[in-house]
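Enquirer: I have a structure here, written as structure tokens, and I will follow up with some questions on it.
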């Protein structure tokens, strides 16, 4: 293998691949990146056997070939040269080392490599069932759903988000047992029948790192999901588990409704949250019929107290007091871009539904949070 490549362009793709690599992999080859030079580009691949990314950047290929190189050393070296104008000269040596040098420079690096044959076999997306989704629509749904994806190793079924693809649009649902996100995009999709896929959290996180714009080609094959965006292909196994029956959690009988300014609500919760208890992170919201919400934090560990007030833009119903984990509210408000947020409440022991106010054409986003019980 012998190539010339722009260090900045290579660094852009490397930054994506490095997020996949397991730094403490028990299988040594998984700490490596597969690099393959062919045609007019250099292809990079990274995998942890669950999530895989294939990407490429333009390169002048003198001699085609492939080899694997340690990610933790190759990545920082390329990054160190990314600010220079000179392209990098990269080639493999007869001793199976990878030689790296900025063109015209005296710097030289030789990295240990492992053969391409040792690398896990990468899957091909050919002959898979495919459809396209607007990238921004999928990105928004993923961002909103990630807030409540579970991280409990003992609850395998909630360590991802349920993606539902139907002819009339896309739905993504997630829960960590304390809160639930239901988000939709309405639009035409070329699917013959409804498809449900339980996508792992890491896959969703890595997808958000890819460039936005255009369309995402979604493909399904052999219990894998493939997400193709331009020259980048991200794929992973789907979670083989049954997602909880989320429909039962979406309340429809809220008799108290508040409309608040999202940015003002978020600003006050961030401030009052600074004195909340480390363990419970509790904040009490007191809604009055006059249209004011009082946010109160009392830290039993330190004796600190915090209190904020916000005038609701509208309020319907009797007074109600509900206690929440303040971080749950901050995380929801931070991913939303809506100017206003509505709250549907019943009483101190029932779940509350938070919804950004946006045009119906942009789809529904419901965020259901269970209250804290501190007695």
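Enquirer: Could you tell me how many of the residues in segment 215-250 are touching a strand residue (DSSP E or B) at 6+ places or on another chain (Cβ under 7 Å) and outside any strand (DSSP E or B)?
Expert: 10
Enquirer: Regarding residue 77, is this residue under 15 Å from residue 118 (Cα atoms), surrounded by fewer than 22 Cβ atoms within 10 Å (Cβ to Cβ) and without any contact (Cβ under 8 Å) to a residue 40 or more places away in the chain? Step through it out loud before you land on a result.
Expert: Working: under 15 Å from residue 118 (Cα atoms): no; surrounded by fewer than 22 Cβ atoms within 10 Å (Cβ to Cβ): yes; without any contact (Cβ under 8 Å) to a residue 40 or more places away in the chain: yes.
Criteria not met by residue 77.
Enquirer: Out of 142, 147, report the one residue that is more than 27 Å from residue 54 (Cβ to Cβ) and touching a helix residue (DSSP H, G or I) at 6+ places or on another chain (Cβ under 6 Å).
Expert: 147
Enquirer: Continuing with the same structure: Might you check whether a residue that is in a helix (DSSP H, G or I) and either surrounded by 15 or more Cβ atoms within 10 Å (Cβ to Cβ) or over 33 Å from the mean Cα position of the chain (by Cα) (or both) occurs anywhere in segment 279-302?
Expert: Within segment 279-302, the subset in a helix (DSSP H, G or I) is none.
Checked segment 279-302: no residue is in a helix (DSSP H, G or I) and either surrounded by 15 or more Cβ atoms within 10 Å (Cβ to Cβ) or over 33 Å from the mean Cα position of the chain (by Cα) (or both).
Enquirer: Right, here's the next one. Give me the pairs, please: first residue somewhere in segment 96-118 and under 14 Å from residue 29 (Cβ atoms), second residue anywhere and exposed (fewer than 13 other Cβ atoms within 10 Å of the Cβ), beta-carbon distance under 7 Å, and either six or more positions apart or on two chains.
Expert: 113/96
Enquirer: Filter segment 148-169 down to the residues that are surrounded by fewer than 22 Cβ atoms within 10 Å (Cβ to Cβ) and not in a loop (DSSP other than H, G, I, E, B) and list them by number.
Expert: Result: 156, 157, 164, 165, 166, 169.
Enquirer: Go through segment 316-367 and report how many residues are buried (at least 17 other Cβ atoms within 10 Å of the Cβ) and without any contact (Cβ under 8 Å) to a residue 24 or more places away in the chain.
Expert: So the answer is 1.
A quick yes/no check of all residues on (1) farther than 20 Å from residue 174 by Cβ; (2) surrounded by fewer than 18 Cβ atoms within 10 Å (Cβ to Cβ):
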| site | (1), (2) |
| --- | --- |
| 213 | yes, yes |
| 228 | yes, no |
| 231 | yes, yes |
| 238 | no, no |
| 244 | no, yes |
| 247 | no, yes |
| 253 | yes, yes |
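Enquirer: Confirm whether residue 268 is surrounded by 15 or more Cβ atoms within 10 Å (Cβ to Cβ), free of Cβ contacts under 8 Å to residues at least 24 places away in the same chain and touching a strand residue (DSSP E or B) at 6+ places or on another chain (Cβ under 6 Å). If you could, list the steps in order and put the result at the bottom.
Expert: On the way: surrounded by 15 or more Cβ atoms within 10 Å (Cβ to Cβ): yes; free of Cβ contacts under 8 Å to residues at least 24 places away in the same chain: no; touching a strand residue (DSSP E or B) at 6+ places or on another chain (Cβ under 6 Å): yes.
When the stated conditions are applied, residue 268 does not pass them.
Bear in mind that the values in this text are calculations on the coordinates, not laboratory data. Quantities reported herein were computed from a predicted structural model and do not represent experimental measurements. For neighbour counting, all protein chains shown are included, and Cβ atoms are generated from backbone atoms with ideal geometry for every residue, glycine included.
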